[in-house]
Amino acid sequence: MASSDALLPISAREEDPLLSDGSRSDPNAETHGRRRPVKGLLAVTFGLFFIAFYVALIATHDGSRSNDVKFESDGTATTASRARLAGVSEKSNDQLWKLSGDRNTVAFSWNNSMLSWQRTGFHFQPGQNWMNDPNGPLFYKGWYHFFYQYNPNAAVWGDIVWGHAVSKDLIHWVHLPLAMVADQWYDANGVWTGSATFLEDGSIVMLYTGSTDKSVQVQNLAYPEDLNDPLLLKWVKFSGNPVLVPPPGILPKDFRDPTTAWKTSAGKWRITIGSKINRTGISLVYDTTDFKTYEKLDTLLHKVPNTGMWECVDFYPVSKTLVKGLDTSVNGPDVKHIVKASMDDTRIDHYAIGTYFDSNGTWIPDDPTIDVGISTSLRYDYGKFYASKTFYDQNKGRRILWGWIGESDSESADVQKGWSSLQGIPRTVVLDTKTGKNLVQWPVDEVKSLRLSSKKFDMEVGPGSFVNIDVGSAAQLDIEAEFEIKKESLDKILGDASAAAEAEEFSCQKSGGSTVRGALGPFGFSVLAHESLSEQTPVYFYVAKGKDSKLKTFFCTDSSRSSFANDVVKPVYGSSVPVLEGEKLTMRILVDHSIVEAFGQGGRTCTTSRVYPTKAIYGAAKLFLFNNAIDATITASFNVWQMNSAFIHPYSEEAVRALSRT
Amino acid sequence: MVVVMMIMMVMAMVSEANMIEQTCKETPDFNLCVSLLDSDPRGSSADTSGLALILVDKIKGLATKTLKEINSLYKKRPELKQALDECSRRYNTILKADVPEAIEAISKGVPKFGEDGVIDAGVEAAVCEGEFKGKSPLTSLTKSMQKVSNVARAIVRMLL
């Protein structure tokens, strides 16, 4: 590397390696080349003098490199930082590249028929363009409000403002005008994620992150212009914004997503904001009485090393004994607290159950081995699900969870179809009072109002069978099913000492998907399936024997054969699911065009997938029941409902006026 | 006085040259990374964010160049029209969606959307390449895009 080039003007530097036709990347470089001869000689002299200096520095630096980089033959580095790539965005250029040179690869194009089918019937999405994080969900004067990160200009992230919609039932939505746009210096570069808090007098404050005109992340206060307007159409930003700026020790781009506030025993409001210090994910704590001035606590709510930036932190109480939601300020002996964070590094939402200490605003997990953000810690969802946020629904006494479901296709397809991203169906969240160790989520009851015709089935399915379930149209379905492995099959496996234990090795992600047959699985449904099964998305249980001869159950969604398209991500998702003594295996599946939401064991394990079939669409989408186990016979008892569309209304002035009168 | 300035300049250049080296070591293609960053006037004084933006600029330049090539192929190889149409769509996505998204995200400190953009650039290039079923006239360009995308992604990940 050492050469006089380091000191020569720019024009003498190497050519741009990408422009192999010899053109230069910097058309202005020529002008720098002219120098007076005397100065040039002086420069060269000093240059030679300092080459030695430079070489010496490089030589000593060589010995102090802490990262040993080994390059494999295809050029992939294997440092620890490269390892962070594993398990992130599953899109792999390398795999796609290997396929692209294959003469047998089918050249594929999206057409409008395939793309327009992908829009969902009953999931929240704007009419067009990009959406991401849920913001400030709340219930007020008879309406559920939903705000969201929105790009009004494109089907990719950017130019972010707050979208707004209202609903009476969390399912049938009406789009409203944008709630907040980037019109102040303190949010000129983005009106980002935030949360709502109800004050004692019933009024609402909204705290949200603004990206300032200098791209510093700050927290701002906003409130409804007119509390008599149940639609909360207009929002006012506090004239004294920002109310919080990055504190000392926190970088200006590591400070975002303030939570809903809760009351402390001292009578103050308290919020938490995720951040990081080096690679340690942290959650900062602030107290306030008026949401305008804050005192930062010296303590953190919590921190976990090596988890990276914590986005969209959420903090809330859950009842240890009752299956109901709790207001964010509730505390007491019958309560545990959940800390949840979205891990920027891995795009995974993690949570942990623990104990909150109000006196100093700290929290410790019940089980530090699965602390928030550790790869093995609990997740709301084992598929595509991020930036989630809960709110307390005082209307029905529930805590409700919203989650952003991004696309798993190419941006080209998003641009072509004109939109990107969905919200998951809102879910109630409670502590699993039976296990005490995990949350349980379930689609809100109101989704049942979409159920149209239903069909009930009871059948026995032998090993290696696929059964077409005739339900007519199969792109919008609600399926509830109960499975049992026949006792003889179970006894045979458990009694067979030579049958290999596989539970410890098995994972949905790594064990090859639903075509890999085991003794006691996989079995379940294949949705969005072509009658030829050339495209299909199996959702299934896989029961495996452990080394202790106990059975472990896994609940997976295999999207690897969901589509012929070569530019979509098709992982196998899922996780183990706790099954208690005496419980049958149950699953619920919501199918809605390009989204499949699967709930195992009453919502102990949930998995959301995005799928983009090219053939199994419209009338060609079918439903199958399958049992791909080697020996075991299963019994299945299930209901399948056709689901109506929610007919989400685009914004129109007349609609809003009509709504205002109701 | 001049000597002091020269010393400081060398010290600065040494540490900046090391910055590029250190950064490129963590990418899948050290040599490509270094040559891309070294050849850019902004490379010598950029922080990680700045280096990432340089790579995004390279993606932009390469996409522009590839689109020019695609356009010239319509006349020379009219039998390839369908594949060229798809490639045109894919590369326009890189220019109009991926690049602006990445620039905004990296500059504003939400690098994960920048990662999405640079990864997608590689995906679009690979899909375009696949349209020709092994007989692509664009291989060296699409291959470059895939490589640059991988390097860019590695640098963007350092911002997370």
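The values are calculated or read from the model by the stated rules, or taken from the named source; none is laboratory data. Keep in mind it's a predicted model, so treat the numbers as computed, not measured. For neighbour counting, all protein chains shown are included, and Cβ atoms are generated from backbone atoms with ideal geometry for every residue, glycine included. Heavy atoms of the whole protein, side chains included, go into the accessibility calculation; ligands, DNA and RNA do not. Shrake-Rupley method; radii C 1.70, N 1.55, O 1.52, S 1.80 Å.
Among the residues making up region B:105-115, those that are of a type outside the set (Val, Ile, Thr) and more than 7 Å from chain A (Cβ to nearest Cβ) are B:Pro111, B:Gly114. Check whether at least one residue in region B:105-119 is in contact with a Leu (Cβ under 7 Å, 6 or more places away or on another chain), basic (Lys, Arg), over 20 Å from A:Ala413 (Cα atoms) and part of a helix (DSSP H, G or I), and report yes or no. Within region B:105-119, not a single residue is in contact with a Leu (Cβ under 7 Å, 6 or more places away or on another chain), basic (Lys, Arg), over 20 Å from A:Ala413 (Cα atoms) and part of a helix (DSSP H, G or I).
For (1) open to solvent by 10 Å² or more (accessible area, probe 1.4 Å); (2) part of a loop (DSSP other than H, G, I, E, B); (3) within 14 Å of chain B (Cβ to nearest Cβ), each residue gets a yes or a no:
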{"position": "A:Leu477", "(1), (2), (3)": "no, no, no"}
{"position": "A:Glu482", "(1), (2), (3)": "yes, no, no"}
{"position": "A:Lys492", "(1), (2), (3)": "yes, no, no"}
{"position": "A:Val527", "(1), (2), (3)": "no, no, no"}
{"position": "A:Ser534", "(1), (2), (3)": "yes, yes, no"}
{"position": "A:Pro538", "(1), (2), (3)": "no, no, no"}
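The single residue among A:Leu232, A:Leu221, A:Leu207 that is at positive phi, surrounded by 20 or more Cβ atoms within 10 Å (Cβ to Cβ) and away from every other protein chain (no Cβ under 14 Å) turns out to be A:Leu232. Tell me whether region A:407-430 contains one or more residues that are within 23 Å of the chain's Cα centre (by Cα), more than 14 Å from chain B (Cβ to nearest Cβ) and more than 26 Å from A:Val611 (Cα to Cα). Yes - at least one qualifying residue is present in region A:407-430. In the set (1) of a type in the set (Val, Ile, Thr); (2) within 25 Å of the chain's Cα centre (by Cα); (3) in a loop (DSSP other than H, G, I, E, B), A:Val323 fails one condition alone, (2). Among the residues making up region B:121-138, those that are under 18 Å from B:Asp85 (Cβ atoms), more than 7 Å from chain A (Cβ to nearest Cβ) and either in a helix (DSSP H, G or I) or of a type in the set (A, V, I, L, M) (or both) are B:Ala125, B:Cys128, B:Leu138.
Within region A:331-357, the set of residues being assigned to a strand (DSSP E or B) and open to solvent by 10 Å² or more (accessible area, probe 1.4 Å) comprises A:Val335, A:Lys336, A:Ile348, A:Ile353, A:Thr355, A:Tyr356, A:Phe357. Only one entry of A:Gln394, A:Gln416 meets the criterion of being in contact with an Asp or Glu (Cβ under 8 Å, 6 or more places away or on another chain), open to solvent by 30 Å² or more (accessible area, probe 1.4 Å) and outside the structural domain of A:Ile617 (by the TED database), and that entry is A:Gln394. Only one of the listed residues (B:Ala83, B:Ala52) is out of contact with any strand residue (DSSP E or B) (no Cβ under 7 Å at 6 or more places or on another chain) and more than 12 Å from chain A (Cβ to nearest Cβ). That residue is B:Ala52. Of the residues making up region A:348-369, none is assigned by the TED database to the domain that holds A:Leu322, within 22 Å of A:Gly163 (Cα to Cα), free of Cβ contacts under 8 Å to residues at least 60 places away in the same chain and not acidic (Asp, Glu). Taken over region A:623-653, the residue count meeting the criterion of being under 29 Å from the mean Cα position of the chain (by Cα) and at pLDDT below 95 is 5.
A quick yes/no check of all residues on (1) buried (at least 24 other Cβ atoms within 10 Å of the Cβ); (2) more than 28 Å from A:Glu311 (Cβ to Cβ):
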| site | (1), (2) |
| --- | --- |
| B:Ser49 | no, no |
| B:Arg89 | no, yes |
| B:Asp98 | yes, no |
| B:Val123 | yes, no |
| B:Val127 | yes, yes |
| B:Lys147 | no, yes |
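The test for being among the polar types (S, T, N, Q), open to solvent by less than 40 Å² (accessible area, probe 1.4 Å), assigned to a loop (DSSP other than H, G, I, E, B) and under 22 Å from A:Thr272 (Cβ atoms) holds for A:Asn241.
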